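Notes to accompany the following structure.
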Ligand code: GLU
Ligand code: MG
């Protein structure tokens, strides 16, 4: 069969989908600076595809410029086209950053954190999804049997992650129906977000080669548990030394980490609309699903919004400091990792700048928003969020998500879950 290799350049957008365009791989050098043509309203494509509302109309030109450090080329060696793509930045035609570029949003957050005392954030994404190649059987949760029945999907997936430049940490059969979980090794914030995007795509790519799907919808079935995206975070000083831990601090947290976490909790009602950005996200954030429902930080509690994680068999105090991390659990895969991590970092940096303190105890913690509509109202009311986004991006984000809320308003819970399971 006559074939010529293609390559795709894209970004993970407001809907959390990777969108962009492809071209012949032999043209890549000519495309490095010019990327692919894009337009402002492309950002307004909803999870379901159609642009339901846009402040940009049909006018304007942009580029998605590939980041040379984020090239994925994974050949599954089954005769299928290699997965060959770049992630990149949305730029104006004069090469300056577009104010609504999701990846640029994260870069700006990282810069603000760095300005707040030279702090760097390292993150590891732990992501849950449903592999449709497994038939559900009662008793599957964490079982070797479910792990076995996914066949060679797991091996293809892990090999693809490694070929894409990641260090896979774990792959397991999770608690939910046909649910699996994958974690890759920590990396600097921007790299970690890129890798979170690539991890989802490699899961989909490996599942596709097996004739099935990897579904990352936050709540694939109304009666089950959700698919969470847990972001493990630790802080480092400018020289790369870990600064999250202090044995004498509250819950073992250094003052820097306490301020950071206090900022995240303070802004959580408003950033929920970014980290849990779909109507079905709020079916996940309900009691008895091992998902958070309160604006709280608790040591080693998987029901908390922020979980202070344990350290495992540490060799010494330096090892404790290295392992010590905080897990942000109010996130799911309807969110672009760039926007979710960016919002958390902006919030944490604000806590650091203002030296916010943690609440004295988890008793009396406020509830998380109960719907995307409610979260969007909180977001719209936040002066801080407005400053992080800027007026154009903020309006685009709110209009995008409010049009989605309106689009699905008549769907009953089962239809809602089914339709979101189709698109994520
Ligand atoms: N599935 C749960 C969630 O939606 C998390 C389960 C776990 O603790 O890993 O976040
Ligand atoms: Mg899990």
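The values are calculated or read from the model by the stated rules, or taken from the named source; none is laboratory data. Since this is a predicted model, take the numbers as computed values, not measurements. Positions of Cβ are backbone-derived with ideal geometry, glycine not excepted, and every protein chain shown enters the neighbour counts.
So residue 340 ticks every box in (1) within 16 Å of ligand 1 (Cβ to nearest atom); (2) closer than 25 Å to residue 193 by Cβ; (3) surrounded by fewer than 24 Cβ atoms within 10 Å (Cβ to Cβ) but one. Which box is left unticked?
(3)
Which ones in region 158-177 are in contact with a helix residue (DSSP H, G or I) (Cβ under 8 Å, 6 or more places away or on another chain) and within 16 Å of ligand 2 (Cβ to nearest atom)?
168, 171, 172, 173
Is there a residue being farther than 28 Å from residue 255 by Cβ and in a helix (DSSP H, G or I) anywhere in region 355-373?
Checking region 355-373: at least one residue is farther than 28 Å from residue 255 by Cβ and in a helix (DSSP H, G or I).
State all residues of region 144-188 that are within 16 Å of ligand 1 (Cβ to nearest atom) and loosely packed, with under 13 Cβ neighbours inside 10 Å; if no residue qualifies, say none.
In the first step, residues of region 144-188 are kept if they are within 16 Å of ligand 1 (Cβ to nearest atom); the result is 146-147, 169-184.
Within region 144-188, 170 is the sole residue that qualifies.
Among the numbered conditions (1) part of a helix (DSSP H, G or I); (2) over 21 Å from the mean Cα position of the chain (by Cα); (3) touching a residue at least 40 places away in the same chain (Cβ under 8 Å), tell me where residue 110 comes up short.
In the conditions (1) part of a helix (DSSP H, G or I); (2) over 21 Å from the mean Cα position of the chain (by Cα); (3) touching a residue at least 40 places away in the same chain (Cβ under 8 Å), residue 110 misses (2) alone.
When residue 415 is evaluated against the numbered criteria (1) under 30 Å from residue 301 (Cα atoms); (2) loosely packed, with under 15 Cβ neighbours inside 10 Å, which criterion, by number, is the only one it fails?
(1)
Quick one: is residue 343 assigned to a helix (DSSP H, G or I) and away from ligand 2 (no atom under 16 Å from the Cβ)? Write out each step before concluding.
On the way: assigned to a helix (DSSP H, G or I): yes; away from ligand 2 (no atom under 16 Å from the Cβ): yes.
So residue 343 passes the test.
Report whether or not residue 301 is surrounded by 14 or more Cβ atoms within 10 Å (Cβ to Cβ) and at pLDDT 95 or above.
no
Do you know which of the residues in region 120-143 that are away from ligand 1 (no atom under 16 Å from the Cβ) and buried (at least 23 other Cβ atoms within 10 Å of the Cβ) is farthest from the chain's Cα centre (by Cα)? Spell out how you get there, then give the answer.
Residues of region 120-143 away from ligand 1 (no atom under 16 Å from the Cβ): 120-123, 132-135, 137-139.
Filter again for buried (at least 23 other Cβ atoms within 10 Å of the Cβ), leaving 121, 123.
Numbers: 121: 15, 123: 11 Å.
Residue satisfying both the conditions and the ranking: 121.
Among the numbered criteria (1) more than 16 Å from ligand 2 (Cβ to nearest atom); (2) modelled with pLDDT of 95 or more; (3) touching a strand residue (DSSP E or B) at 6+ places or on another chain (Cβ under 9 Å); (4) part of a loop (DSSP other than H, G, I, E, B), which single criterion is violated by residue 292?
The number of the failed condition is (1).
Within region 289-306, which residues are free of Cβ contacts under 8 Å to residues at least 60 places away in the same chain and within 11 Å of ligand 1 (Cβ to nearest atom)? Full working, then the answer.
The first filter runs over region 289-306 and keeps only residues free of Cβ contacts under 8 Å to residues at least 60 places away in the same chain, leaving 299-304, 306.
If the condition is that a residue be free of Cβ contacts under 8 Å to residues at least 60 places away in the same chain and within 11 Å of ligand 1 (Cβ to nearest atom), then 301, 302, 303, 304 are the ones that fit.
Could you please give the count of residues in region 275-287 that are in a loop (DSSP other than H, G, I, E, B) and within 11 Å of ligand 1 (Cβ to nearest atom)? Lay out the reasoning, then the answer.
Start the filter on region 275-287 by keeping residues that are in a loop (DSSP other than H, G, I, E, B), which leaves 276-280, 285-287.
Add one more test, that the residue is within 11 Å of ligand 1 (Cβ to nearest atom), and what stays is 276, 285-286.
Final tally of qualifying residues: 3.
Just checking, which of 317, 336 is more than 28 Å from residue 227 (Cα to Cα) and in contact with a strand residue (DSSP E or B) (Cβ under 9 Å, 6 or more places away or on another chain)? First the steps, then the outcome.
Values: 336 fails: more than 28 Å from residue 227 (Cα to Cα).
Criteria check complete, one pass: 317.
Taking region 1-42 as the search range and keeping residues that are outside any strand (DSSP E or B) and within 24 Å of residue 421 (Cβ to Cβ), which one is nearest to the chain's Cα centre (by Cα)?
Our first condition is that a residue be outside any strand (DSSP E or B); within region 1-42, this holds for 1-5, 13-17, 25-35, 39-42.
Subset that is within 24 Å of residue 421 (Cβ to Cβ): 13-17.
Values: 13: 11, 14: 11, 15: 11, 16: 8, 17: 11 Å.
For region 1-42, the residue satisfying everything is 16.
Tell me yes or no: at least one residue of region 322-329 is touching a strand residue (DSSP E or B) at 6+ places or on another chain (Cβ under 8 Å), at pLDDT below 95 and either within 20 Å of residue 373 (Cα to Cα) or not in a loop (DSSP other than H, G, I, E, B) (or both). Can you show your working first?
Pass one, region 322-329, residues touching a strand residue (DSSP E or B) at 6+ places or on another chain (Cβ under 8 Å): 322, 324-329.
From what's left, at pLDDT below 95: 322.
If we keep only those that are either within 20 Å of residue 373 (Cα to Cα) or not in a loop (DSSP other than H, G, I, E, B) (or both) as well, we get 322.
Yes, region 322-329 contains at least one residue that is touching a strand residue (DSSP E or B) at 6+ places or on another chain (Cβ under 8 Å), at pLDDT below 95 and either within 20 Å of residue 373 (Cα to Cα) or not in a loop (DSSP other than H, G, I, E, B) (or both).
Among (1) without any contact (Cβ under 8 Å) to a residue 60 or more places away in the chain; (2) within 27 Å of residue 325 (Cβ to Cβ), there is one condition residue 127 misses while meeting the rest; what is its number?
(1)
Name every residue in region 63-91 that is more than 19 Å from residue 338 (Cα to Cα) and outside any loop (DSSP other than H, G, I, E, B), in order of residue number.
73, 74, 83, 84
So which residues in region 223-259 are part of a loop (DSSP other than H, G, I, E, B) and within 16 Å of ligand 2 (Cβ to nearest atom), if there are any at all?
Taking region 223-259 and keeping what is part of a loop (DSSP other than H, G, I, E, B), we get 223-228, 237-241, 243-244, 246-249, 254.
224, 225, 226, 227, 228, listed by residue number.
Here are some conditions: (1) surrounded by 19 or more Cβ atoms within 10 Å (Cβ to Cβ); (2) touching a residue at least 60 places away in the same chain (Cβ under 8 Å); (3) away from ligand 2 (no atom under 16 Å from the Cβ). Residue 220 meets all but one. Which one does it not meet?
(3)
In this structure, is residue 307 within 16 Å of ligand 2 (Cβ to nearest atom) and either surrounded by fewer than 18 Cβ atoms within 10 Å (Cβ to Cβ) or at pLDDT 95 or above (or both)? I'd like the intermediate steps shown before the answer.
Numbers: within 16 Å of ligand 2 (Cβ to nearest atom): yes; either surrounded by fewer than 18 Cβ atoms within 10 Å (Cβ to Cβ) or at pLDDT 95 or above (or both): yes.
It is true that residue 307 is within 16 Å of ligand 2 (Cβ to nearest atom) and either surrounded by fewer than 18 Cβ atoms within 10 Å (Cβ to Cβ) or at pLDDT 95 or above (or both).
Among the residues of region 156-204, what is the count of those that are part of a helix (DSSP H, G or I) and within 13 Å of the chain's Cα centre (by Cα)? Before the answer, list the steps.
If we filter region 156-204 for residues that are part of a helix (DSSP H, G or I), which is where we start, we get 156-163, 189-204.
Among the residues that remain, those that are also within 13 Å of the chain's Cα centre (by Cα) are: 189-201.
Number of matching residues: 13.
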